[in-house]
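S.K.: Here it is: the structure, laid out below.
The values are calculated or read from the model by the stated rules, or taken from the named source; none is laboratory data. Quick caveat, the model's predicted, so the values are computed rather than measured. Here Cβ is always computed from backbone atoms with ideal geometry, including for glycine, and neighbour counts include all displayed protein chains. Quick note on the areas: whole protein, heavy atoms, side chains included, nothing else; ligands and nucleic acids left out. Shrake-Rupley method; radii C 1.70, N 1.55, O 1.52, S 1.80 Å.
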Amino acid sequence: MAKITKELLLEKGIPKHSKLGQVKKIKLSNLQLKTSDLDPKLFSQLRQLEELDVSGNLLTEIPDNLGLVNLRLLNCADNDMEQITSLNQFKNLEDLNCEDNMYLTVSD
């Protein structure tokens, strides 16, 4: 899978728009993404993003500084997650799916 680009985010985003700041939902599942593919500089442009699906990838964690202040739903199921402590950055998170992450241990 190629690195995530602005064009890919716009293609996968809903509603369809020419600006990342207007996208509310993105489905990036089953793209063989690694944690290093989640570029905080690019994702921070998704100021209105409420739902992110990154299930079925190769993520070991969610980067600390994605800047997704409006994120309400995160699906990171079926990855290689080892920890989810970085999720505290998502103050509006209401729905989290992190099932089927073999290495995940939950800590305070």
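S.K.: Go through (1) touching an Asp or Glu at 6+ places or on another chain (Cβ under 8 Å); (2) without any contact (Cβ under 8 Å) to a residue 12 or more places away in the chain; (3) hydroxyl-bearing (S, T, Y) and name the single condition S55 misses.
M.R.: Exception for S55: condition (2).
S.K.: Give the residues of the range 85-106 that are open to solvent by less than 50 Å² (accessible area, probe 1.4 Å), at pLDDT below 90 and more than 13 Å from N65 (Cβ to Cβ), sorted by residue number.
M.R.: Listed by number, the residues that qualify are N101, L104.
S.K.: Please count how many residues of the range 18-41 are of a type outside the set (D, E, K, R), surrounded by 15 or more Cβ atoms within 10 Å (Cβ to Cβ) and in a helix (DSSP H, G or I).
M.R.: Total meeting the criteria: 3.
S.K.: Now, a different point. Has the range 44-51 got at least one residue that is over 10 Å from the mean Cα position of the chain (by Cα), surrounded by fewer than 20 Cβ atoms within 10 Å (Cβ to Cβ) and of a type in the set (A, V, I, L, M, F, W, C)?
M.R.: Within the range 44-51, none of the residues are over 10 Å from the mean Cα position of the chain (by Cα), surrounded by fewer than 20 Cβ atoms within 10 Å (Cβ to Cβ) and of a type in the set (A, V, I, L, M, F, W, C).
S.K.: Consider S55 carefully, then state whether it is under 10 Å from the mean Cα position of the chain (by Cα) and of a type in the set (S, T, Y).
M.R.: So S55 fits the description; yes.
S.K.: Only residues that are open to solvent by 50 Å² or more (accessible area, probe 1.4 Å), of a type outside the set (A, V, I, L, M) and within 18 Å of D39 (Cα to Cα): list them for the range 61-79, please.
M.R.: Across the range 61-79, the qualifying residues are E61, D64, N65, N70.
S.K.: Please enumerate the residues belonging to the range 1-12 that are open to solvent by less than 20 Å² (accessible area, probe 1.4 Å) and modelled with pLDDT of 95 or more.
M.R.: L9
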